[in-house]
Amino acid sequence: MKARAGRHFLQIPGPTNVPERVLRAIDRATIDHRGPEFGELGRRVLDGLKEVFKTRNPVVIFPASGTGAWEAALVNTLSPGDQVLMYETGHFAALWQNLARRLGLDAEFIPGDWRHGADAAAIGARLAEDREHQIKAVCVVHNETSTGVTSDIARIRKAVDDARHPALLMVDTISSLGSIDYRTDEWGVDVTVAGSQKGLMLPPGLSFNSISDKAVAASKRGRLPRAYWNWDDMLASNRTGYFPYTPATNLLYGLDEALHMLREQGLDEVFMRHARHAEATRRAVRAWGLDILCANPAEYSNALTAVMMPDGHDADHLRDVVLKRFDMSLGAGLTKLKGKIFRIGHLGDLNDLTLLGTLAGVEMGLACSGVPHRIGGVRAAMDHLARPMSEAGAVEQKQRHAPAPAAAPQ
Ligand SMILES: *Cc1c(COP(=O)(O)O)cnc(C)c1O
């Protein structure tokens with residue numbers, strides 16, 4: 001690669017751009033993770049995470065990618081052969097199911113079309129059939145990063161309750177936590193799985209489990225082998241701010257700073273900013289005359305937008321042109337969507353002008369690679385962003401809180 005001037009645009013839906021403040025925080029000498037200074041840092045980040053997860057229960061931190069936290073959620077609570085109900089929202093849901101199968105779980109998949117979120121009614125119906133309560137856990141991806149579709153977790157909680165089913169509820173928020181409103185305790189989520197490199201604005205390398213009392217109780221019965229991921233050791237050490245093995249100390253400096261930033265901005269403001277940017281992006285896509293992969297507007301993701309390519313045009317070619325000409329990385333279509341879509345990440349540390357630069361890069365890329373489209377996407381986004389904040393946010397807020405439409409046909 002030849003040397004380039006200016007900053008690379010990393011507009012994939014994770015890893016996201018790491019703010020300067022977080023980079024500076026990480027850039028410090030590593031301290032003794034058994035010394036007194038570390039204990040204070042440990043307690044501070046462990047407490048701070050609870051605000052972001054919206055939980056009063058413990059959140060544990062693993063030095064691992066998000067995949068590790070998926071595994072931790074399952075091995076701590078379940079036994080070999082246990083039935084687990086999962087919902088096929090897209091590529092990440094499929095990976096989690098695959099991981100569950102490798103662990104020796106009986107992971108059932110409710111099929112989906114990769115354009116809709118998890119259907120609460122279908123989950124409820126399946127649970128209602130399970131009179132013997134063989135299903136031990138329901139696992140859902142909150143924001144399906146491969147498709148740009150957000151599932152309604154409160155509704156899924158209600159479906160589980162209405163079926164009077166005791167299964168644990170586990171939710172992957174790897175690409176939503178810190179970007180899209182999410183409420184562990186209010187929604188009765190037993191294990192929330194998260195990662196560092198998306199809405200939390202950190203480099204990859206940390207992942208998280210929030211653990212409800214019910215999940216702790218399940219962990220006492222669960223018989224899957226667990227060692228590295230064992231919650232017991234982690235929770236015991238965390239009480240004083242320490243870890244059972246060497247933590248990713250420098251990433252914890254970064255986490256401390258990222259939590260400060262989220263607190264300074266205020267979570268509600270952060271969610272509103274993501275909503276504005278997502279709405280501006282969708283307006284750009286529509287102005288180009290292209291389609292958004294998410295088929296249900298009530299489920300549009302505020303973290304990313306997946307854009308469908310016109311027939312006969314390859315999204316990976318477009319991404320290649322955008323990278324070479326404009327030094328911007330866009331998200332690829334994964335597995336069955338390869339070449340058919342590209343994904344614009346608009347989560348994490350992002351402001352209006354970064355978003356407009358991103359959209360300009362896409363619009364120029366469409367032109368350079370001969371993809372049929374109309375000009376004016378960037379203009380449409382500017383018009384949205386130039387409105388008074390309250391007005392621009394209100395449009396999106398109204399959509400989010402509109403009564404959910406009847407289950408969309410799959
Ligand atoms: C990124 C992502 C993952 C995978 O996380 P890794 O850190 O790559 O292991 C899982 N689920 C979702 C929803 C994601 O966005």
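The values are calculated or read from the model by the stated rules, or taken from the named source; none is laboratory data. Owing to the predicted nature of the structure, the values given are computational and were not obtained by experimental measurement. As a convention, Cβ positions derive from the backbone with ideal geometry for all residues, glycine included, and neighbour counts pool all protein chains shown. Surface accessibility is based on the protein's heavy atoms, side chains included, excluding ligands, DNA and RNA. Shrake-Rupley method; radii C 1.70, N 1.55, O 1.52, S 1.80 Å.
In this label model, residue 291 and residue 268 are separated by 3.8 nm, measuring between points 7 Å along each Cα→Cβ vector.
Quick one: net charge around residue 325, please, counting Lys, Arg +1 and Asp, Glu -1 for every other residue with C-beta under 14 Å from its C-beta.
Details: positive: 2, 4, 319, 324; negative: 320, 327, 363.
With Lys, Arg at +1 and Asp, Glu at -1, the net is +1.
Counting pairwise Cα distances across the chain, what percent come out greater than 38 angstrom? Could the numbers behind the result be given before it?
Numbers: 16601 of 83845 pairs.
Cα-Cα pairs of the chain separated by over 38 Å account for 20 percent.
The alpha carbon radius of gyration of region 186-311, expressed as a multiple of 2.2 N^0.38 Å, is 1.41.
Across region 267-400, the mean sequence separation of Cα contacts (distance under 8 Å, 6 or more residues apart), normalised by length, yields a relative contact order of 33 percent.
Calculate, in nm to one decimal, what residue 240 and residue 109 gain on full extension: separation in residues at 0.36 nm each, minus their alpha carbon distance. List each step's numbers first, then the result.
Details: separation 131, 0.36 × 131 = 47.16 nm, distance 3.99 nm.
Contour length minus the Cα-Cα distance gives 43.2 nm.
Between residue 367 and residue 213, residue separation times 0.36 nm minus the direct Cα-Cα distance comes to 50.0 nm. Largest accessible area first, the residues 245, 253 order themselves as 245, 253 under a 1.4 Å probe with ligands, DNA and RNA left out. Label separation (residue 228 vs residue 121): 4.3 nm, computed from points 7 Å beyond Cα along the C-beta direction. Normalised Debye scattering of region 267-400 at q = 0.11, 0.15 Å⁻¹ gives log10 I(q)/I(0) of -0.36, -0.67, counting only Cα atoms as equal scatterers and leaving out solvent.
The length gained by stretching the chain between residue 260 and residue 134 to full extension, at 0.36 nm per residue less their Cα-Cα distance, is 41.1 nm. When 139, 368 are compared by accessible area at a 1.4 angstrom probe, the order from most to least is 368, 139.
GNM on the chain, alpha-carbon springs under 10 angstrom: the most fluctuating residue among 228, 300, 242 is 228.
Suppose every Lys and Arg Cβ carries +1 and every Asp and Glu Cβ carries -1, with no other charges. What dipole size does the chain come out with about its Cα centre, to the nearest 20 debye?
440 debye
Electrostatic bookkeeping for residue 112 treats Lys and Arg as +1 and Asp and Glu as -1; over the other residues with beta carbon under 10 Å from its beta carbon, the sum is -3.
Taking one equal scatterer on every alpha-carbon of region 84-222, how large is log10 of I(q)/I(0) by Debye at q = 0.13, 0.14, 0.17 1/Å? For the requested q values the scattering log ratios are -0.52, -0.60, -0.92. Accessible area per residue for the chain, computed on protein heavy atoms with a 1.4 Å probe, is 41 Å².
In this label model, residue 98 and residue 386 are separated by 4.6 nm, measuring between points 7 Å along each Cα→Cβ vector. Note on region 108-180: along the principal axes its Cα atoms extend 36, 25, 17 Å, ordered by decreasing extent. Our summary of shape: the Cα atoms of region 20-263 have principal axis extents of 55, 36, 30 Å, ordered from largest down, in whole angstrom.
Can you tell which of 313, 165, 70 lies farthest toward the positive end of the dipole of the chain, using +1 and -1 charges on the Cβ of basic and acidic side chains (Lys, Arg; Asp, Glu)? Toward the positive end, the furthest listed residue is 313. Among 15, 388, 310, the residue with the largest mean-square fluctuation in a Gaussian network model of the chain, with springs joining Cα atoms closer than 10 Å, is 388.
Provide the net charge surrounding residue 125, with neighbours chosen by a C-beta distance below 15 Å and charges set as Lys +1, Arg +1, Asp -1, Glu -1.
Numbers: positive: 126, 131, 155, 158, 164; negative: 108, 119, 129, 130, 161, 162.
That sum, taken over residues with Cβ under 15 Å, equals -1.
Tell me what the chain gives for mean residue ellipticity at 222 nm when only DSSP H runs of n ≥ 4 count, each as -39,500 (n - 2.57), the sum divided by the residue total, rounded to 500 deg cm²/dmol. Present the calculation step by step, with values, prior to reporting the outcome.
Numbers: 14 runs with 176 residues, N = 410.
Estimated from H runs of four or more residues: -13500 deg cm²/dmol.
Heavy atoms only, probe 1.4 Å: what % of the accessible area of the chain goes to carbon and sulfur, would you let me know? Numbers along the way, then the final one.
Values: 9020 of 16820 Å².
About 54 percent, which is the carbon plus sulfur part of the accessible surface.
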